[in-house]
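**Q** First the structure, which I've put down as structure tokens, then a few questions once you've had a look.
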Amino acid sequence: VGSLCWKDLSIEDVEEYTTLSDYESKLAFIESRIQFPAQMEAERRDIVLDLYFYTLQFTENAGFTPDKISAAFSIIKQTHSESMSKFWPVNRSYKYFQDLLLRHSVHRPPYSVGLFSTHDVQEFSKYVSKTYVRHYMLYKYAFTKKTELALSTMDTFTQMVPVSFLLPLESGEDEDTYLQKGEDAALADLPPPGWSCTSSPLVDASICHSYPRAVSMPTPSRRFAGSAR
């Protein structure tokens, strides 16, 4: 960043401004020299004008020369513009201000110019700390872009679910009870012990092969059973 002296206010502008006495004329003069964005709201423009007005008032009370007044004005202007556009936290914003002020306080051309004295740096830093930094969150709130989200809902089903399709919660069963009922139903379908499909007049003998457990086995004879003892 090069020197900000005479960047926004020329020496003629500073001399004309110092001749003004009332608040309204000074605000009108600042507004005529600063090009605000066309889309900036009136409330934000008034906030910026107050910031610039009180900065110039400080420089006059501090006895700054025209070149210092012009540089101090541009330092505040650029610090505020960068901080709000990049949404910096307060410590980052104040660090940026200190860097700009340092580049106008040490004579090391072409990197910096010795415009402000040590006393000027202390007074200017104290003023910014007590005003801009102290109210930084208010500036940040006022200049934060507002984002509005519009939501709309629409039905994705064209047919209503019939009420009979939905079972009441009272008819539900736990898993163990449901499985036990299934096992009991399966056991009830099995034929009783000793039942023979060939002896039943209601069952076709041709399908007895599909029920191997239902076919009755021959009863052992008494002789064989006696020998088994």
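**Q** Let a ≥ b ≥ c be the square roots of the eigenvalues of the Cα gyration tensor of region 5-76; is it rounded (a/c under 1.5), or, if not, prolate (a/b larger than b/c) or oblate?
**A** Here region 5-76 falls in the prolate category.
**Q** Moving to a separate point now. Sort L20, L167, L101 from largest to smallest accessible area, using a 1.4 Å probe on the heavy atoms of the protein chains.
**A** So, going from the largest accessible area down, we get L167, L20, L101.
**Q** Something else now. Counting only the heavy atoms of the protein chains, how much of E31 is accessible to a 1.4 Å probe, in Å² to the nearest 10?
**A** Rounded to the nearest 10, that gives 80 Å².
**Q** With a 1.4 Å probe and all protein chains kept in place, how much accessible area does V113 have, in Å² rounded to the nearest 10?
**A** Approximately 50 Å² of V113 is accessible to the 1.4 Å probe.
**Q** Which of the trypsin sites (Lys or Arg not before Pro) across region 61-134 are loop residues per DSSP, with 11 or fewer other Cβ within 10 Å?
**A** K86, R134
**Q** Taking the alpha-carbon distance from K7 and a cut-off under 18 Å, which lysines remain once sequence neighbours fewer than 8 residues away in the same chain are dropped?
**A** K68, K77
**Q** Quick one: how many Å² of L151 are accessible to a 1.4 Å probe, rounded to 10?
**A** Spelled out: L151, probe radius 1.4 Å, area about 150 Å².
**Q** Cα to Cα, under 17 Å, and not fewer than 8 places away if on the same chain: which aspartates and glutamates meet these conditions relative to K140?
**A** E41, E43, D46, D50, E82
**Q** Classify region 1-147: rounded, prolate or oblate, from the alpha-carbon gyration tensor (a ≥ b ≥ c, eigenvalue square roots; a/c under 1.5 rounded; otherwise prolate if a/b is larger than b/c)?
**A** The shape class here is oblate.
**Q** Hey, if you put +1 on the Cβ of every Lys and Arg and -1 on every Asp and Glu Cβ in region 1-49, which of V14, I30, S3 ends up farthest toward the positive end of that dipole?
**A** S3
**Q** Moving to a separate point now. Taking the Cβ of L9 as the center, what net charge do the other residues with Cβ under 15 Å away carry, scoring Lys and Arg +1 and Asp and Glu -1?
**A** Around L9, the surrounding residues sum to -3.
The values are calculated or read from the model by the stated rules, or taken from the named source; none is laboratory data. Just so we're clear, the structure is a prediction, and the values are computed from it rather than from any experiment. Ideal geometry is used to build each Cβ from the backbone, glycine not excepted, and the neighbour counts take in all protein chains shown. Ligands, DNA and RNA are stripped out before the accessible areas are found, and what is left, the full protein with its side chains, is counted by its heavy atoms. Shrake-Rupley method; radii C 1.70, N 1.55, O 1.52, S 1.80 Å.
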